[in-house]
1. How big is the accessible area of Glu192 in square angstrom, nearest 10, if you roll a 1.4 angstrom probe over the protein chains?
2. Return the Rg/Rh ratio of the chain with Cα-based radii and a Kirkwood Rh.
3. Under 1.5 on a/c is rounded, so check that first for the stretch 42-90, then, if it is not, pick prolate when a/b is larger than b/c and oblate when it is not; a ≥ b ≥ c are the square roots of the alpha carbon gyration tensor eigenvalues.
4. How much FRET efficiency would the formula 1/(1 + (r/R0)^6) give for Gln10 and Glu67, where r is the Cβ-Cβ distance and R0 is 22 Å, rounded to 0.05?
5. How much of the accessible area of the stretch 212-326, in percent, comes from carbon and sulfur atoms when a 1.4 Å probe is used?
6. Output ³J(HN,Hα) for the stretch 300-317: one whole-Hz value per residue in order, computed from phi by the Karplus curve 6.51 cos²θ - 1.76 cosθ + 1.60 with θ = phi - 60°, and x for Gly and Pro.
7. Please give the solvent-accessible surface of Ile214 in Å², to the nearest 10, using a probe radius of 1.4 Å with every protein chain present.
8. Pairwise over distinct Cα atoms, reciprocal of the mean inverse distance: report the Kirkwood radius of the stretch 252-321 in Å, one decimal place.
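The values are calculated or read from the model by the stated rules, or taken from the named source; none is laboratory data. These numbers come from a predicted model, not from an experiment. Here the Cβ positions follow ideal geometry from the backbone for every residue, glycine too, while neighbour counts run over all protein chains shown. In case anyone asks, the SASA skips ligands and DNA or RNA and just uses the protein heavy atoms, side chains included. Shrake-Rupley method; radii C 1.70, N 1.55, O 1.52, S 1.80 Å.
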Amino acid sequence: MSELQYPFSQPPQPGERLEVAPGVYWLYFPMPLALDHINLWLLEDGDGWTLVDTGFGTRHTQKIWAEAFDNALEGRPIRRIIVTHYHPDHVGQAGWLAQRFGAPVRMTRGEWELLNHLHSAEDDTVRQDVRHFMGLHGLHGEPLDALSGRGNGFRKVVPIMPPTPEFIAAGDAIEVNGETWRVHIGRGHAPEHACLFREHDHVLISGDQVLPRISSNLTVHARDPDDDPVSAFVDSLTAIKNALPEDSLVLPAHGLAFHGLHARIDALVKHHDEQLSVAEEACEKAPLTAYDLLPLLFNRKLDNNQMMFAMGESIAHLNCLHAHGRATRADREGRRYYAA
Ligand SMILES: [Zn+2]
């Protein structure tokens, strides 16, 4: 199958819910970002709910939640919160909701550790890390000043940290309303991203690991500068394809629910193969930095926010070439150059 099928053409209104499988409901939260919404998933669980992901950590999201408590949730309590990964649109309201409902939070250890690291970093440390790491990879001038001047922006959109979670891991079974959701782990976009698969009727909550229209951002953090998230992403997607059936109903965090899991994974793997080839060919012509590679990977003008994601993606692909012996690298005058 080459095309994806979208069984639901429209998301629910913010604050409302839409049933997409028995006992599985779609919640839609607009966001003030280029990525203009996130989907959360509400699972019927006895007299209450299990919630998967929580929304961006802003007041705007809390206003939508205030409507959702009465409408989508019918005044019933959230009994348990599962967070797929550490990004602020997923974990942002976990602390607030956990406090309000006295609900436990479940997430993987890898996501919890990175969340803590990013949340607790001092502003000055973040400024220095960004300046050094992005500078090493060739970013300079106004964009570098803008990105490194921000300090810890992460904490602003995760205002309340969730309580220490109950950890989940690959292969765990989570019982919701008497049915088993199995934990499958994705990597590359996040260190230990939880995907949840309901085995009896093949429903997959894929978070950001498998998205229908965009490829998940892959980035390299200053604390792990040699990381190769491209290989991690592709390898874990391949494992998910091998483990889960093609007829799965995929519930992504962004975009519409879809059928066509295997076709979508094939397309994502192909996309990164092509980006690696573009990077390798460029490295063959002349040694270049991750910044030099940007116009070849992204044929559009990048604002400062997009620049941060794009630099991460560019470093990730160069690191992948280096890790696989397809490129060498050398540091000269404070810049890192890759050659093939
Ligand atoms: Zn994400």
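1. 30
2. Working: Rg = 20.2 Å, Rh = 20.7 Å.
Radius of gyration relative to Kirkwood radius: 0.97.
3. Note, shape of the stretch 42-90 comes out oblate.
4. After rounding to 0.05, the efficiency reads 0.75.
5. The C+S portion of the solvent-accessible surface of the stretch 212-326 is 51 percent.
6. 8, 6, 10, 7, 4, 5, 5, 4, 4, 5, 5, 4, x, 5, 5, 4, 4, 6
7. Roughly 80 Å² of Ile214 is accessible to a 1.4 Å probe.
8. When all Cα pairs of the stretch 252-321 are included, the Kirkwood radius is 13.5 Å.
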